[in-house]
Structures are given as structure tokens and as C-alpha cells.
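To keep things clear, I will list the structure first and then write my remarks on it.
The values are calculated or read from the model by the stated rules, or taken from the named source; none is laboratory data. On a predicted model such as this, the values are computed, not experimentally measured, just so you know. Neighbour counts are summed over all protein chains in view; Cβ atoms, including those assigned to glycine, are modelled from backbone coordinates with ideal geometry. Please note that ligands, DNA and RNA were not included when accessible areas were found on the heavy atoms of the full protein model with its side chains. Shrake-Rupley method; radii C 1.70, N 1.55, O 1.52, S 1.80 Å.
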Amino acid sequence: RQDLTISINQAAMDRQNMQVSREYVDMPRVCVDMHELTQILVNIILNAIQACAASEHAEHHLKLGLRSEGDFALISITDNGIGIKAEELPRVFSYGYTTREEGHGYGLYSASIDAKEMGGTLSVTSPGPGKGATFTLAIPLQPKAADVATTQAMQPDS
């Protein structure tokens, strides 16, 4: 699914000459709402592209990760963009919060709500300004029984 979201954002990534790397491990199949998952990943990747575009780095990097931990599949997206100040980290997923003049502060907010609706979480870490950020989506390996009828199986794209 990450590769689909990469292709959705490919033109913007090409404009930034962004290099993409992947760190996937073999995992069991995960049942999720593919529309919600795609929307979350598109928002996070677009945010990473914008953070790299605003940075002073000569090279722009995006690293996609997929692994399991306990009862969760973890999808991580790491960029080498402008980073996030420690005092801003708690507000990143707040409605209306943005650091961009043309931003509306809805993308990461809606992504965090969608993650909760899937029974998961969306978190962010950053070593600070100029040092990039990592967004991690944790989704349950086993969906709630009520969600099974409306989910599809997810496997990492090759």
C-alpha cells in the first residue's frame, strides 16, 4: 500500500528529486480498510515531501518501514526535512495546526482520527529542527470482530 501512495505522490517527489528507501520485514497479513490506510499514508507522505521541500538539505530522503511489534503492524515514514521543535510535537495532530502559510492543518489531524478509528495510533518523533521527522502508524494485526466484514487483506507492495 505504501507503494501506491508513493505513486500518488510521485510527481511531487520527482520535483524534489527525492530518494526513497524501504525497510520491510515479512509479516502476517493484516486486515484493514484500504481506503482509510491509503488516505493516512498519502497525508503523511505529502507532509514529508513538503518538509523536505522547505529544508535546506541538498538531498531529500524518504524511508518507508514496515514491521510488527506485539499485536501491531508498524508503518513508519521518515524524512530528512525541516524537523519539528520539541515544543511543537504535542500539537502536530491538533485540528488547524500548521507551520506552512498555505497549510490548513487538516491532513495530519484527519490521519490521526482515521488511525484511531482503525484501532491504532499515529505518532511522530523528531530530533529537532533541520533533522527530519518520523511518523509511525500502528494498526492492529487482528481487527475488531465487528470490522472483519468491511476489511481487506493488506500485504506490503513489492
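General observations
- When ARG29, ARG15 are checked against the criterion of being open to solvent by 70 Å² or more (accessible area, probe 1.4 Å), among the charged types (D, E, K, R) and under 22 Å from ARG100 (Cβ atoms), ARG15 stands alone in meeting it.
- Every residue from the stretch 123-138 that is within 17 Å of the chain's Cα centre (by Cα) and open to solvent by less than 40 Å² (accessible area, probe 1.4 Å): VAL124, SER126, GLY132, ALA133, THR134, PHE135, THR136, LEU137, ALA138
- The listed residue being in contact with a Gly (Cβ under 7 Å, 6 or more places away or on another chain), crowded, with 16+ Cβ neighbours inside 10 Å and either within 22 Å of ILE6 (Cβ to Cβ) or modelled with pLDDT of 95 or more (or both), out of GLY81, GLY120, GLY65, GLY105: GLY81
- In the stretch 10-32, the residues that are closer than 25 Å to ARG67 by Cβ form Cβ pairs under 7 Å with partners that are open to solvent by 70 Å² or more (accessible area, probe 1.4 Å) and not in a strand (DSSP E or B), at six or more places apart or across chains, as follows: GLN19/GLU59; ARG29/GLN155; CYS31/VAL148.
- Residue count, the stretch 131-150 (criterion: out of contact with any helix residue (DSSP H, G or I) (no Cβ under 8 Å at 6 or more places or on another chain), farther than 14 Å from VAL92 by Cα and either of a type outside the set (Gly, Ala, Ser) or at pLDDT 95 or above (or both)): 9
- Meets criteria (under 16 Å from the mean Cα position of the chain (by Cα), within 15 Å of THR136 (Cβ to Cβ), at pLDDT 90 or above and crowded, with 17+ Cβ neighbours inside 10 Å) for LEU89: no
- Some residue of the stretch 81-90 being free of Cβ contacts under 8 Å to residues at least 40 places away in the same chain and either hydroxyl-bearing (Ser, Thr, Tyr) or part of a strand (DSSP E or B) (or both): no
- Count of residues meeting criterion [in a loop (DSSP other than H, G, I, E, B), hydrophobic (A, V, I, L, M, F, W, C) and either in contact with a Ser or Thr (Cβ under 6 Å, 6 or more places away or on another chain) or more than 30 Å from GLU117 (Cβ to Cβ) (or both)] in the stretch 12-53: 1
- Any hit, the stretch 35-52, residues being open to solvent by less than 60 Å² (accessible area, probe 1.4 Å), farther than 22 Å from TYR106 by Cβ and within 13 Å of the chain's Cα centre (by Cα): no
- Count of residues meeting criterion [among the charged types (D, E, K, R) and touching a helix residue (DSSP H, G or I) at 6+ places or on another chain (Cβ under 8 Å)] in the stretch 16-60: 3
- Test: SER76 is among the hydroxyl-bearing types (Ser, Thr, Tyr), surrounded by fewer than 17 Cβ atoms within 10 Å (Cβ to Cβ) and part of a strand (DSSP E or B): no
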